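K.L.:
Provided herewith is a single structure, encoded as structure tokens, for subsequent inquiry.
The values are calculated or read from the model by the stated rules, or taken from the named source; none is laboratory data. Everything numeric here is computed off the predicted structure, so don't read it as measured data. Reconstructed Cβ throughout: ideal geometry from the backbone, glycine too, with neighbour counts over all protein chains shown.
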Amino acid sequence: MDQAPGSPPQGPPNQEPHGAGELPVCYRHPDRETGIRCTRCERPICPECMVDASVGFQCPDCVRTGSGTGHAPGASRPRTLAGGTVTADPRLLTKILIGINVAVFIAVHVDSSLLDHLVLVGAWPPTPFTPTTGVAGGEWYRLVTSMFTHEAIWHIAFNMLSLWWIGGPLEAALGRLRYITLYFVSGLAGGALTYLLASPSQASLGASGAIFGLFGATAVLMRRLRYDMRPVIALLVINLIFTFGWGNIAWQAHIGGLVGGVVVGFAMVHAPRERRALVQYGVCALVLAVVVLMTVLRTAQLT
């Protein structure tokens with residue numbers, strides 16, 4: 001049945017809890033319990049569906065129709081929890097990032113010589129020879145290209161599944177610009193720490209630094225919303241066990257990305273509204289400054 005313009009949207013009656021003590025489920029995602037309701041229509045909404053409002057949170061349908069505001073739907077642009085713009089496809093950038101990773105993976109397997117130009121390597125050849133290849137040789141772009149390069153099928157499969165599971169809700173909660181900033185800053189932080197601490201001739205690759213940054217930001221977001229932290233903490237602990245218990249894994253990228261994600265994520269969801277953008281992007285700039293400093297110091301040491 002069509003809904004009249006300006007009237008509050010009505011949710012299906014079977015999405016309310018049936019027993020005492022049960023949490024209601026999100027009206028758009030019936031598999032997700034939530035304790036948050038839209039301040040307009042009072043329907044239950046999960047973090048992915050929450051739109052930051054002047055008082056509390058609103059559901060996407062109320063924001064889209066402009067119900068109860070007294071203004072036309074286009075009079076003001078709805079904002080996410082972190083101040084980003086609500087979009088029709090909250091997973092668009094996540095899909096694009098996955099597509100880039102898959103495209104690079106296919107290209108590397110079509111032409112294996114590409115791998116040598118994309119991976120993160122500090123300096124080659126190693127001392128006492130003067131490095132001609134690597135970040136120390138001026139190829140700083142490797143800090144970015146290595147974030148999208150995978151060689152093993154299990155590696156890209158694990159990273160892309162993780163990106164889909166945690167990236168989508170984060171993109172919806174932060175907004176596209178803040179989400180992509182978080183992704184790149186976390187990935188660069190992981191790459192810089194790898195360059196600083198790992199052997200200069202050791203090649204590393206993969207989106208793991210950025211993925212761990214998303215894990216860290218997700219933990220911050222869940223704490224901000226007062227959600228049960230145990231699932232994300234358990235998942236993070238499992239990943240850290242693999243990080244330090246499995247050989248041939250660049251743990252530096254995981255830790256650097258995680259720390260970068262926690263710092264940036266905290267700024268994204270806790271910045272005061274009156275100077276939100278200044279705090280959010282100011283913290284990102286500070287983290288990037290640390291990345292540049294680590295890279296410069298390591299380059300000076302190797303050359």
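K.L.:
Give me the residue from the stretch 154-208 that is charged (D, E, K, R) and buried (at least 24 other Cβ atoms within 10 Å of the Cβ) and, out of that set, nearest to residue 95 (Cα to Cα).
P.N.:
Within the stretch 154-208, the subset charged (D, E, K, R) is 171, 176, 178.
Those still in the list that are buried (at least 24 other Cβ atoms within 10 Å of the Cβ) too: 171, 178.
Working: 171: 11, 178: 16 Å.
Top of the filtered list is 171.
K.L.:
Taking the stretch 40-67 as the region of interest, how many residues are surrounded by fewer than 17 Cβ atoms within 10 Å (Cβ to Cβ) and either at pLDDT 80 or above or on the phi > 0 side of the Ramachandran plot (or both)?
P.N.:
Summing the residues that are surrounded by fewer than 17 Cβ atoms within 10 Å (Cβ to Cβ) and either at pLDDT 80 or above or on the phi > 0 side of the Ramachandran plot (or both) in the stretch 40-67 gives 2.
K.L.:
Just checking, does the stretch 177-199 include any residue being over 18 Å from the mean Cα position of the chain (by Cα) and outside any helix (DSSP H, G or I)?
P.N.:
Among the residues of the stretch 177-199, at least one is over 18 Å from the mean Cα position of the chain (by Cα) and outside any helix (DSSP H, G or I), which makes the answer yes.
K.L.:
Ok, one more. Is it true that residue 263 is over 11 Å from the mean Cα position of the chain (by Cα), modelled with pLDDT of 95 or more and either among the hydroxyl-bearing types (Ser, Thr, Tyr) or within 26 Å of residue 298 (Cβ to Cβ) (or both)? So that I can check it myself, show each step before the final result.
P.N.:
Working: over 11 Å from the mean Cα position of the chain (by Cα): yes; modelled with pLDDT of 95 or more: yes; either among the hydroxyl-bearing types (Ser, Thr, Tyr) or within 26 Å of residue 298 (Cβ to Cβ) (or both): yes.
So residue 263 passes the test.
K.L.:
State which residue is surrounded by the most Cβ atoms within 10 Å (Cβ to Cβ) when the search covers only the stretch 246-269 and only residues that are of a type in the set (Gly, Ala, Ser) and not in a helix (DSSP H, G or I).
P.N.:
Only one residue tops the list, namely 250.
K.L.:
Out of 221, 214, I need the residue that is in contact with a Gly (Cβ under 9 Å, 6 or more places away or on another chain), crowded, with 16+ Cβ neighbours inside 10 Å, more than 20 Å from residue 154 (Cα to Cα) and of a type outside the set (Gly, Ala, Ser). Which one?
P.N.:
Working: 214 fails: more than 20 Å from residue 154 (Cα to Cα).
221 is the lone residue from the list that is in contact with a Gly (Cβ under 9 Å, 6 or more places away or on another chain), crowded, with 16+ Cβ neighbours inside 10 Å, more than 20 Å from residue 154 (Cα to Cα) and of a type outside the set (Gly, Ala, Ser).
K.L.:
Checking the conditions here, which among 230, 223 is of a type in the set (D, E, K, R) and within 18 Å of the chain's Cα centre (by Cα)? Show your work before the answer.
P.N.:
Working: 230 fails: within 18 Å of the chain's Cα centre (by Cα).
From the options 230, 223, the qualifying one is 223.
K.L.:
Additional query: Just for the stretch 104-156: of the residues that are in a helix (DSSP H, G or I) and touching a Ser or Thr at 6+ places or on another chain (Cβ under 6 Å), which one is farthest from residue 290 (Cα to Cα)? Write out each step before concluding.
P.N.:
Narrowing the stretch 104-156 to residues in a helix (DSSP H, G or I): 104-110, 112-118, 135-137, 142-148, 153-156.
When the remaining residues are screened for being touching a Ser or Thr at 6+ places or on another chain (Cβ under 6 Å), the result is 104, 118, 136.
Numbers: 104: 28, 118: 23, 136: 17 Å.
Filtering the stretch 104-156 for residues that are in a helix (DSSP H, G or I) and touching a Ser or Thr at 6+ places or on another chain (Cβ under 6 Å), the one farthest from residue 290 (Cα to Cα) comes out as 104.
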